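The values are calculated or read from the model by the stated rules, or taken from the named source; none is laboratory data. For clarity, every value in this text was computed on a predicted model and none was experimentally measured. Neighbour counts are summed over all protein chains in view; Cβ atoms, including those assigned to glycine, are modelled from backbone coordinates with ideal geometry.
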């Protein structure tokens, strides 16, 4: 899966600069799934994309998440897609300011 994402991103990045519509489409699918899989609460969560942008040559997605069955507001986690390495990561709260707009 990561290799497929990397291939698509490399092609997209070679074709244009900035965040293309194709990159946004891939990121909007992969990042919420990544955040859901990495939440350790065991609760059913709902995700929402708040923003997608490029920083340091990587695609950054602000993913909001909350308990699906509560009226709580969304908390936000960052998701960073690195096309060169073919990886997806979520920065720790200690260094997420490095990836914020």
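I'd like to check something: does the range 15-37 contain any residue that is at pLDDT below 75, in a helix (DSSP H, G or I), closer than 22 Å to residue 100 by Cα and out of contact with any strand residue (DSSP E or B) (no Cβ under 6 Å at 6 or more places or on another chain)? No: the range 15-37 contains no residue that is at pLDDT below 75, in a helix (DSSP H, G or I), closer than 22 Å to residue 100 by Cα and out of contact with any strand residue (DSSP E or B) (no Cβ under 6 Å at 6 or more places or on another chain). Pairs meeting the criteria (first residue in the range 82-101 and within 15 Å of residue 31 (Cβ to Cβ), second residue in a helix (DSSP H, G or I) and modelled with pLDDT of 90 or more, beta carbons under 8 Å, at least 6 apart or on different chains) are 88/30; 88/31; 88/34; 90/34; 90/35; 91/98.
Residues in the range 34-59 that are free of Cβ contacts under 8 Å to residues at least 40 places away in the same chain and under 9 Å from the mean Cα position of the chain (by Cα): 49, 52.
Taking the criterion of being in contact with a helix residue (DSSP H, G or I) (Cβ under 9 Å, 6 or more places away or on another chain) and not in a strand (DSSP E or B), the residues of the range 60-92 that qualify are 83, 84, 85, 86, 90, 91.
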